1. Does segment 95-103 contain at least one residue that is free of Cβ contacts under 8 Å to residues at least 60 places away in the same chain and crowded, with 17+ Cβ neighbours inside 10 Å?
2. Which condition number does MET109 fail, the rest of (1) part of a helix (DSSP H, G or I); (2) within 20 Å of LEU26 (Cα to Cα) being met?
3. Of the residues that make up segment 46-62, is at least one closer than 17 Å to ASN11 by Cβ and over 13 Å from the mean Cα position of the chain (by Cα)?
4. Hey, could you check segment 104-115 for residues that are loosely packed, with under 12 Cβ neighbours inside 10 Å and hydrophobic (A, V, I, L, M, F, W, C) and say which is nearest to the chain's Cα centre (by Cα)?
5. Return the total of residues in segment 5-39 being over 12 Å from GLN114 (Cβ atoms) and hydrophobic (A, V, I, L, M, F, W, C).
6. Can you name the residue in segment 40-60 that is in contact (Cβ under 8 Å) with a residue 12 or more places away in the chain and either of a type outside the set (A, V, I, L, M) or open to solvent by 60 Å² or more (accessible area, probe 1.4 Å) (or both) and is also nearest to GLN115 (Cα to Cα) among such residues?
7. Within segment 61-79, track down each residue that is assigned to a helix (DSSP H, G or I), open to solvent by less than 70 Å² (accessible area, probe 1.4 Å) and either in contact (Cβ under 8 Å) with a residue 60 or more places away in the chain or among the polar types (S, T, N, Q) (or both).
8. Mind checking whether some residue in segment 80-91 is open to solvent by 90 Å² or more (accessible area, probe 1.4 Å), free of Cβ contacts under 8 Å to residues at least 40 places away in the same chain and in a helix (DSSP H, G or I)?
Amino acid sequence: MNLLSFIKTLNLMLRFSLELFALGSLAYWGFQTGKGSMRVLLTLGAPLIIAVVWGIFGSPRSYVQLSTPMHILLELLVFGLPSVALYTSGKHSLALIYITIAIINRILMYIWQQQ
């Protein structure tokens, strides 16, 4: 395996890590935002909804293949919402770091034609 292939593999691993971090960020937002039973609903529901939507429409092995513009919109939602959630939860620096890494990751995926 050459160096570029290794870096491409790392980029795909980063993508998966960003997906997991997105779910954790939404759960954190739900826990910080909700009160009482809404806390439980938001903590579990927000990441669950995003995971299901991403699994059906956005993941590389998704059941439904979206057109490129629709897929880009979905990616903006799936990877943008966690940044907004972190920001509104008071984690401003973390929100900026996350969205910056997600954008760089997506640019590299486009350049290297990774799914």
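1. The first filter runs over segment 95-103 and keeps only residues free of Cβ contacts under 8 Å to residues at least 60 places away in the same chain, leaving 95-97, 99-100, 103.
Narrowing further to those that are crowded, with 17+ Cβ neighbours inside 10 Å: 95, 99.
Within segment 95-103, one or more residues are free of Cβ contacts under 8 Å to residues at least 60 places away in the same chain and crowded, with 17+ Cβ neighbours inside 10 Å.
2. (2)
3. Within segment 46-62, one or more residues are closer than 17 Å to ASN11 by Cβ and over 13 Å from the mean Cα position of the chain (by Cα).
4. Filtering segment 104-115 for residues loosely packed, with under 12 Cβ neighbours inside 10 Å gives 107, 110-111, 113, 115.
Subset that is hydrophobic (A, V, I, L, M, F, W, C): 107, 111.
Details: ILE107: 14, ILE111: 19 Å.
Restricting to residues being loosely packed, with under 12 Cβ neighbours inside 10 Å and hydrophobic (A, V, I, L, M, F, W, C), the top hit is ILE107.
5. Filtering segment 5-39 for residues over 12 Å from GLN114 (Cβ atoms) gives 6, 17-39.
Of the ones still in play, those that are also hydrophobic (A, V, I, L, M, F, W, C) are 6, 18, 20-23, 26-27, 29, 31, 38.
Selection size over segment 5-39: 11.
6. The first filter runs over segment 40-60 and keeps only residues in contact (Cβ under 8 Å) with a residue 12 or more places away in the chain, leaving 42-47, 50-51, 53-54, 57-58, 60.
Going one step further and asking which of them are either of a type outside the set (A, V, I, L, M) or open to solvent by 60 Å² or more (accessible area, probe 1.4 Å) (or both), we end up with 43-45, 47, 54, 57-58, 60.
Numbers: THR43: 29, LEU44: 28, GLY45: 27, PRO47: 22, TRP54: 13, PHE57: 13, GLY58: 10, PRO60: 6 Å.
Within segment 40-60, the match that is nearest to GLN115 (Cα to Cα) is PRO60.
7. Filtering segment 61-79 down to residues assigned to a helix (DSSP H, G or I) leaves 68-79.
Going one step further and asking which of them are open to solvent by less than 70 Å² (accessible area, probe 1.4 Å), we end up with 71, 74-75, 78-79.
Listed by number, the list holds a single entry, PHE79.
8. At the first step, the residues of segment 80-91 found to be open to solvent by 90 Å² or more (accessible area, probe 1.4 Å) are 87-88.
Subsequent filtering for residues that are free of Cβ contacts under 8 Å to residues at least 40 places away in the same chain retains 87.
Applying the additional criterion that residues be in a helix (DSSP H, G or I) yields 87.
Yes - at least one qualifying residue is present in segment 80-91.
The values are calculated or read from the model by the stated rules, or taken from the named source; none is laboratory data. This one's a predicted model, so the numbers in the text were calculated from it and none came from an experiment. Here Cβ is always computed from backbone atoms with ideal geometry, including for glycine, and neighbour counts include all displayed protein chains. The protein model used for the area step is the full one, side chains on, heavy atoms only, and it has no ligands, DNA or RNA in it. Shrake-Rupley method; radii C 1.70, N 1.55, O 1.52, S 1.80 Å.
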